Structure formats: structure tokens, C-alpha cells
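Participant: Have a look at this one before I ask anything.
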Amino acid sequence: MAETSGDKKGILLETGTNEFEIVEFNIGDVNYGINVAKVREVITSADFPVTPMPQAHPYIDGLFTLRGRSMPLVNLQRCLNVQGSEHPKNIIVTEINNYSIGFLVDNVSRIHRISWKEMEPAPEVGDQSRVVGIIKMEDKIVLLLDFETVIAEINPEINAKLTTVEDVEEDIKTKRSKAHIVVAEDSPMLRELLVSTLHDAGYTFVKPNGNGQEAWDYLQGLTQQDKPIEQLVSLVVTDIEMPQMDGHRLLKLIREDERLAAVPVILFSSLINEEMRLKGKSLGASAQVSKPEIDKLIKLIDELVFGRHLSKEDEEQGSLMK
């Protein structure tokens, strides 16, 4: 079962152990969770007046100001279409995809430390499900929500950045088509967008995986083939937050396997911040890119697979890696 950390945030987790922390909160009788790495702070809603915004997205109650900075407030009851309290107590202030936003919830209860192995993928119950994982505890079930999808619905610019790439000549696409890219991304929507955008850019040989464990099993299968590994996989792109095995653990295993150690690995995640960059660097990440900057991701793939950027404009401007 999940191991609780009490009411105090700040457990220091060894990088790559496949553990993470969640903030548990509730709306009505249902318990939900959000990764601590996405949470900047939890505040009391009564202390922060909300200013309605004309023609705002239906999920948005309005704007509130925190230490001089205005940000939108999402009514999570309305977003999830569930019944909760008439007077929600807390606001969870998050920073996801370099986007600051608050989520109004009934009550924030505590922090739990768990292993990604203890989180089960959410069952498919419809296209509108916002749940990416289920954590079974002794006395309850906690649903891990897909906050990235909610934010992408509110801010369409995020999805636009995931699908907008620089036009290149056909000879560049032909060169890219020879590379073999392995992707690990648990969000079905983001995984489909990422794979289709890589295809459009010319990276047609892409193997998608729903979490780090699937990607690791696939890579282990490649090592059993009687060919040099560089002929079988050119590069790995992985999210960090995933059920069963997270991206940091996947990266650690790749670097510790002598057959895979030289394979370039890019961390592509909404969790990329200063702290996460240090963790990724300590594990040997080849590069780290914050979602949804797909164009930067593709330039880095070019750099790591071919040793240089493939577009003429990029060659003139110089390498991103320098």
C-alpha cells in the first residue's frame, strides 16, 4: 500500500528510485491527487477574492492575485462535473508547462509518498476521463488527475505548440526517417500529438509506449537482437511523471545498462524546472525540454542523432547544445 508522509511536505527522495509524492485533496466524497512537483503552494480560498472575467473559459471562475501576480482560478468541481462543497476551502497553486494557475478544491488533506509501481493506469471509461492513474490505499482509492489536459483545454496555445514545427526540405525528412525514436508518454492525448508531430517532421519510425516500464521492456527486447544497439534505437524521448515507472527511473536504468548506456535520452516533461533539471543532469539526461516546446525537442533530436541541426537556418544560428 502507499506509504504516507504525514502532514509535512519535503521528503527528500533519492533521484531515480521510482518514488514520488502526491498532494491528496477531495471534492465531495472523492479523493484526488496531484504530483507535489507541480504544486507551488496551497492557500485558503476565503483569503483571495476572485475577479470574474468576461467570456472566460467555462472552467474558470475568474482571476485571483497572489503576491502581486494575477492568475486564473479553475473551478475543479465544474471541470470534473462532480458535486462538491458549496464553499470550497482551498486553492492549489500550480506551475505546469510554465503556466501558473490555481485549482479550487474542497479540502487539501495530506501528502503521500508512493512508488510509481503502486499506481495503476486508469481504466478506459470514456474519452472525457481526466484520470491518468489510480492509487489503492488501505481505506480508499485516490485518483491522480491529468492536469495537463485540463490546462491544454483552457489554453489552446499549448496544443498548438505541440503540433507546430518548422517546415523543412524533403531530403531532411528522408534523413530523419532513418532514425528509430522510442517515446514514453502516459497521457493518450499528448502521446498521440507527440507521435503524429514527429511523423510530420519526418521521424516516421517512432515506437510509442504508455509508461516507462513499457519502454524499458521494449528496449530490453532490442538488446536481445543480434545487431548493434545503435542500429535498433537512435534516441529515447520520455516524460517524467508516468505510472509503473517514471522517466527518471527509466533514464537511470538505461545509463546503468552497458548495452544501452550510450543511447541519447531526452526528458520531455511539464515538470522541467530548476530542481528537476538538476535531477535529470545527475542521472545523465542528454537534454531536457519543457512541454509543449515540440520544435525545440525536434531540434535537439536532430542534434543528438545526427550531431548537428539539419535545417540551414539552425546551422547559421549555431547549436542549441553549445
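Participant: To the nearest 10 Å², what's residue 71's accessible area with a 1.4 Å probe?
Facilitator: 10 Å²
Participant: Right, something else. Over 20 Å between Cα atoms: which of 252/281; 252/296; 252/279 fall into that group?
Facilitator: 252/296
Participant: Would you check the accessible area of residue 173, probe 1.4 Å, heavy atoms only, in square angstrom rounded to 10?
Facilitator: The value for residue 173 is about 60 Å².
Participant: Spelling out what I want: for every residue of segment 78-95, take phi, set θ = phi - 60°, compute 6.51 cos²θ - 1.76 cosθ + 1.60 (Karplus), and round to whole Hz; glycine and proline get x.
Facilitator: The phi angles translate into 5, 4, 8, 6, 10, 8, x, 6, 6, 10, x, 8, 10, 10, 8, 8, 10, 9 Hz.
Participant: Build a GNM of the chain with springs between Cα atoms under 10 Å: which of 269, 282, 234 gets the top mean-square fluctuation?
Facilitator: 282
Participant: Next up: In sequence order, what are the phi-derived ³J(HN,Hα) couplings for segment 47-62 according to the Karplus relation 6.51 cos²θ - 1.76 cosθ + 1.60 with θ = phi - 60°, rounded to whole Hz, with x for glycine and proline?
Facilitator: Along segment 47-62, the couplings run 8, 10, x, 10, 9, x, 10, x, 6, 6, 4, x, 6, 8, 7, x Hz.
Participant: Once you sort the root eigenvalues of the Cα gyration tensor of segment 60-161 as a ≥ b ≥ c, which label holds: rounded (a/c under 1.5), prolate (a/b larger than b/c) or oblate (the other case)?
Facilitator: Verdict is prolate for segment 60-161.
Participant: Using the Karplus curve 6.51 cos²θ - 1.76 cosθ + 1.60 with θ = phi - 60°, work out ³J(HN,Hα) for each residue of segment 181-195 in order, rounded to whole Hz, and write x for Gly and Pro.
Facilitator: 9, 9, 10, 10, 8, 7, 6, x, 5, 5, 5, 5, 5, 5, 5
Participant: Same structure, new question: Please report the projected area of segment 87-234's Cα convex hull averaged over all directions, in nm².
Facilitator: Averaged projected area of segment 87-234's Cα convex hull equals 12.3 nm².
Participant: Taking 0.36 nm per residue of sequence separation and subtracting the Cα-Cα distance, how much length would be gained by fully extending the chain between residue 89 and residue 259, in nm to one decimal?
Facilitator: Working: separation 170, 0.36 × 170 = 61.20 nm, distance 5.20 nm.
Taking 0.36 nm per residue and subtracting the Cα distance, the gain is 56.0 nm.
Participant: Tell me the angle of helix 274-283 to the major Cα principal axis of the chain, expressed in degrees between 0 and 90 and rounded to the nearest ten.
Facilitator: The two axes meet at around 40 degrees.
Participant: Can you give me the long-range amide H partners of residue 272? Hydrogens built in the peptide plane at 1.01 Å from N, cutoff under 5 Å, separation of 5 or more residues or another chain.
Facilitator: Under 5 Å from the amide H of residue 272: 291.
Participant: Something else now. From the square roots a ≥ b ≥ c of the eigenvalues of the alpha-carbon gyration tensor of segment 208-301, which class results: rounded (a/c under 1.5), prolate (a/b over b/c), or oblate?
Facilitator: prolate
Participant: Another one. Just the accessible area per residue of the chain, please: how many Å² with a 1.4 Å probe?
Facilitator: Per-residue accessible area for the chain comes out at 48 Å².
Participant: Here's a follow-up. What translational diffusion coefficient, to the nearest whole µm²/s, does segment 41-108 have by Stokes-Einstein, given a Kirkwood radius computed over alpha-carbon pairs, a temperature of 25 °C and 0.890 mPa s viscosity?
Facilitator: 202 µm²/s
Participant: Could you tell me the accessible area of residue 117 in Å² (1.4 Å probe, neighbours in place), rounded to the nearest ten?
Facilitator: We get 140 Å² for residue 117.
Participant: Report the residue, chosen from 177, 45, 70, that carries the largest GNM mean-square fluctuation when the chain is represented by alpha-carbon nodes joined by springs under 10 Å.
Facilitator: 70
Participant: Only helical DSSP H runs with n ≥ 4 go in: add -39500 (n - 2.57) per run for the chain, normalise by residue count and round the 222 nm mean residue ellipticity to 500 deg cm²/dmol.
Facilitator: Here the helix-only value at 222 nm equals -8000 deg cm²/dmol.
Participant: Another question about this same structure. Quick query: amide H of residue 241 versus all other amide H atoms, modeled in the peptide plane; which residues come in under 5 Å with a sequence gap of 5 or more or a different chain?
Facilitator: Amide H neighbours of residue 241: 247.
Participant: Same structure again: Can you tell me what the convex hull of the Cα atoms of the chain projects to on average, as an area in nm²? Display every interim value, and only then the final one.
Facilitator: On the way: hull surface 72.1 nm².
Seen from a random direction, the Cα hull of the chain projects 18.0 nm² on average.
The values are calculated or read from the model by the stated rules, or taken from the named source; none is laboratory data. Keep in mind the model is a prediction, meaning the values are calculated, not measured. In case anyone asks, the SASA skips ligands and DNA or RNA and just uses the protein heavy atoms, side chains included. Shrake-Rupley method; radii C 1.70, N 1.55, O 1.52, S 1.80 Å.
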